[in-house]
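K.L.:
Mind having a look at this structure? Questions to follow.
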Amino acid sequence: MPTMHTSLCPYCRNELKMPDTILGKRIRCVACQKTFTASTEPPTPSGMVRDQDRDGPAAPLPVVTAAPDDDRDVIAAPPPKRSHAMLFIVLGVGAAAVVLLLGCVGVVGGGAALFLIPTRNEPSASVTPKLDGGPSQNNDIKPPPVQKKDPQPPQDPNPPPRDPNPPKDPKPNPGPMLNEPTQEVALSGAAEEVAVGGGGRYLVLHLPTVNKLAVFDTNEGKVIKELPVKENEIHFAANQTQLVVLYPQAKIIDAFTLATGDKQGSAPYPPVMKEDDIRQVCMGSASNGPLFVYHPKKKLTLAVNLTNMAVAQVQWKHWAPNNAYGPMHMRASPDGGLLVGWTGGWAGMEVASFQNGRQTGSNDKYEFSNGLYALPSPNGRLIYTPWGINPLIGMPLKNAAFDNAYLVPAQEAGYFLSLKMQNLPSAAFEKKDLRLGEVTDATVYTEDGKPYFSLRGCPEIMAGNDLHWEKRVFYYPASARLIALTAAKDRLVIRRLDVPARQKML
């Protein structure tokens, strides 16, 4: 194998790497195109600076590849060029990521988000709330028109601190250790509204006569916290770990930790929410949000991200600022993946689907006309209505036994309550107009429509009321417990059910 040597061009001092078989032959320098005799002897100094004497690393030596017995001038191969392909790939991928990120940012609305509600899995970041239609995988959904962004206001220099010890996911609901099969818990006032949180573990009850919110822990079987409220008329909702309270007059949102009642922070309404009154709010009881808000005058349904207070418009096929008003009633599935709306300027029912807080579609192909209720199952696979049990895909399950019955999903998937009345009223647009008659038959069914056991001997769920049944009665199949708000709405009754004995009553 020939030995490699280095020869310097006497004209430009370019270094050439070559085998010893080329020494003594005439070669041509690729840098200056002059010819000279290859030699290992240093050439006559020419005053040029060698590459290795410059700042930075020396260039790699070119390799001479001519045949040893060729008398022609040999052209030294050029030094290999430094490849920039990888640099271009990295820059291209980075640019694409920036474009993709910018494409997901909201483009309508404006205002400062001065408050962060920490969620269980997402870090908080103070950003400008935006009214954003969001991407959709449904061709029927059209995003709102794009407008110019408002300049981002200065950030709050002293944002509220994050909760250093956010509560963990609740364990399966074991229920309280009851000394008796039935136990009553007195409230400090009559409840006029109820929200479920913690995936069914917590019941939050508004007691307007004492201006408080009572947090009832179904695992402990007691009220663990009473939170004072600042206004008589409020809106509130709960998710997996949080309770949020909206004050219409002050236009402020407060957030609390469900497990402890500790306040997490406060924030002003996003600007778009200040332009109209709020009719209703709801949130998935086992989710991290979003918070769903309906504004009646603007006919606008919003999804609010509680981490950064960004706002997106829910796209319905019928209810819209340029279409029918509504929905007059909304319920969210526990995981926040479904938002069910019904009645209003369009008397039907529609189900909007969400993934990671962003809308992915909407379906209005359900039999429904000015009905009293439309409730998603705990796993979000079924919708219970007066017209039957509707799967998201497929034919509804109908049963004559459900005529004039209010079907209430259990807090765990697989079961529901059928509360049969003499006459099931139509939807009430206003809460004051809701009147539910006495229950003539109360039965628990499996979700495939088979009767499971009877609920005779439970007077707290037999009397009529002015509160929707899913806000009065709560069934926990795993622990065989029934928790219900009495007709006077000032007590909670907890029953430990003897399911085998009740099955014999059917």
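The values are calculated or read from the model by the stated rules, or taken from the named source; none is laboratory data. These numbers come from a predicted model, not from an experiment. Reconstructed Cβ throughout: ideal geometry from the backbone, glycine too, with neighbour counts over all protein chains shown. Keep in mind that these areas ignore ligands, DNA and RNA; they rest on the heavy atoms of the full protein, side chains included. Shrake-Rupley method; radii C 1.70, N 1.55, O 1.52, S 1.80 Å.
K.L.:
Taking the stated definitions as given, is ALA303 under 12 Å from the mean Cα position of the chain (by Cα), closer than 30 Å to ARG201 by Cα and open to solvent by less than 10 Å² (accessible area, probe 1.4 Å)?
P.N.:
yes
K.L.:
Exactly one condition in (1) closer than 23 Å to GLU184 by Cα; (2) part of a strand (DSSP E or B) is not met by ARG456; state its number.
P.N.:
It is condition (2) that ARG456 fails.
K.L.:
So GLN422 fits all but one of (1) under 16 Å from TYR445 (Cα atoms); (2) touching a Gly at 6+ places or on another chain (Cβ under 9 Å); (3) not hydroxyl-bearing (Ser, Thr, Tyr); what number is the exception?
P.N.:
Of everything listed in (1) under 16 Å from TYR445 (Cα atoms); (2) touching a Gly at 6+ places or on another chain (Cβ under 9 Å); (3) not hydroxyl-bearing (Ser, Thr, Tyr), GLN422 misses just condition (1).
K.L.:
Moving to a separate point now. Please determine whether any residue of segment 224-232 is on the phi < 0 side of the Ramachandran plot, in a strand (DSSP E or B) and touching a residue at least 40 places away in the same chain (Cβ under 8 Å).
P.N.:
The answer is no; no qualifying residue exists.
K.L.:
If you scan segment 396-414, which residues turn out to be among the small types (Gly, Ala, Ser), crowded, with 21+ Cβ neighbours inside 10 Å and assigned to a loop (DSSP other than H, G, I, E, B)?
P.N.:
Within segment 396-414, just ALA410 meets the criteria.
K.L.:
I want to confirm something. Restricting to segment 338-387 and keeping residues that are among the charged types (D, E, K, R) and either open to solvent by less than 10 Å² (accessible area, probe 1.4 Å) or free of Cβ contacts under 8 Å to residues at least 40 places away in the same chain (or both), which single residue is nearest to HIS295 (Cα to Cα)? Please lay out each step first, then the result.
P.N.:
Step one: filter segment 338-387 for residues among the charged types (D, E, K, R), giving 350, 358, 364-365, 367, 381.
Then keep just the ones that are either open to solvent by less than 10 Å² (accessible area, probe 1.4 Å) or free of Cβ contacts under 8 Å to residues at least 40 places away in the same chain (or both); that gives 350, 365, 367, 381.
On the way: GLU350: 17, LYS365: 24, GLU367: 26, ARG381: 28 Å.
Across segment 338-387, the extreme among qualifying residues is GLU350.
K.L.:
How many residues does segment 274-288 contain that are open to solvent by less than 20 Å² (accessible area, probe 1.4 Å) and under 26 Å from ALA214 (Cβ atoms)?
P.N.:
5
Results for (1) closer than 19 Å to GLY289 by Cβ; (2) among the polar types (S, T, N, Q); (3) in contact with a Gly (Cβ under 9 Å, 6 or more places away or on another chain); (4) open to solvent by 50 Å² or more (accessible area, probe 1.4 Å), shown as yes or no for each residue.
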site	(1), (2), (3), (4)
VAL196	yes, no, no, no
GLY200	yes, no, no, no
VAL204	yes, no, yes, no
PHE216	no, no, no, no
GLY221	no, no, yes, no
GLU226	no, no, yes, yes
VAL229	no, no, no, no
ASN232	no, yes, no, yes
HIS235	yes, no, no, no
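K.L.:
Here is a further query. How about segment 468-505: which of its residues are surrounded by fewer than 18 Cβ atoms within 10 Å (Cβ to Cβ) and hydrophobic (A, V, I, L, M, F, W, C)?
P.N.:
ALA478, ALA480, ALA488, VAL499, ALA501, MET505 - these are the residues of segment 468-505 that are surrounded by fewer than 18 Cβ atoms within 10 Å (Cβ to Cβ) and hydrophobic (A, V, I, L, M, F, W, C).
K.L.:
While we're looking at this one, here's another question. Kindly provide the set of residues from segment 262-273 that are buried (at least 19 other Cβ atoms within 10 Å of the Cβ) and either in contact with a helix residue (DSSP H, G or I) (Cβ under 9 Å, 6 or more places away or on another chain) or in a strand (DSSP E or B) (or both), ordered by number.
P.N.:
GLN264, GLY265, ALA267
K.L.:
Another one. Just checking, does segment 267-279 include any residue being out of contact with any His (no Cβ under 6 Å at 6 or more places or on another chain), modelled with pLDDT of 95 or more and under 18 Å from LEU205 (Cβ atoms)?
P.N.:
No.
K.L.:
Could you list, in sequence order, the residues of segment 192-213 that are closer than 20 Å to ALA259 by Cα and either touching a Pro at 6+ places or on another chain (Cβ under 9 Å) or polar (S, T, N, Q) (or both)?
P.N.:
GLU193, VAL196, GLY198, GLY199, GLY200, ARG201, TYR202, LYS212, LEU213
K.L.:
Right, another one. Name every residue in segment 237-261 that is open to solvent by 20 Å² or more (accessible area, probe 1.4 Å) and either farther than 25 Å from LYS471 by Cβ or free of Cβ contacts under 8 Å to residues at least 24 places away in the same chain (or both), in order of residue number.
P.N.:
GLN249, ALA250, LYS251, ILE252
K.L.:
Let me ask something else. Is it true that some residue in segment 286-302 is modelled with pLDDT of 95 or more, touching a helix residue (DSSP H, G or I) at 6+ places or on another chain (Cβ under 6 Å) and under 19 Å from PRO378 (Cβ atoms)?
P.N.:
Scanning segment 286-302, I find at least one residue that is modelled with pLDDT of 95 or more, touching a helix residue (DSSP H, G or I) at 6+ places or on another chain (Cβ under 6 Å) and under 19 Å from PRO378 (Cβ atoms), so the answer is yes.
K.L.:
For LEU417, only one of the following conditions fails: (1) more than 24 Å from GLU184 (Cα to Cα); (2) surrounded by 14 or more Cβ atoms within 10 Å (Cβ to Cβ); (3) in contact with a strand residue (DSSP E or B) (Cβ under 8 Å, 6 or more places away or on another chain). What is its number?
P.N.:
(1)
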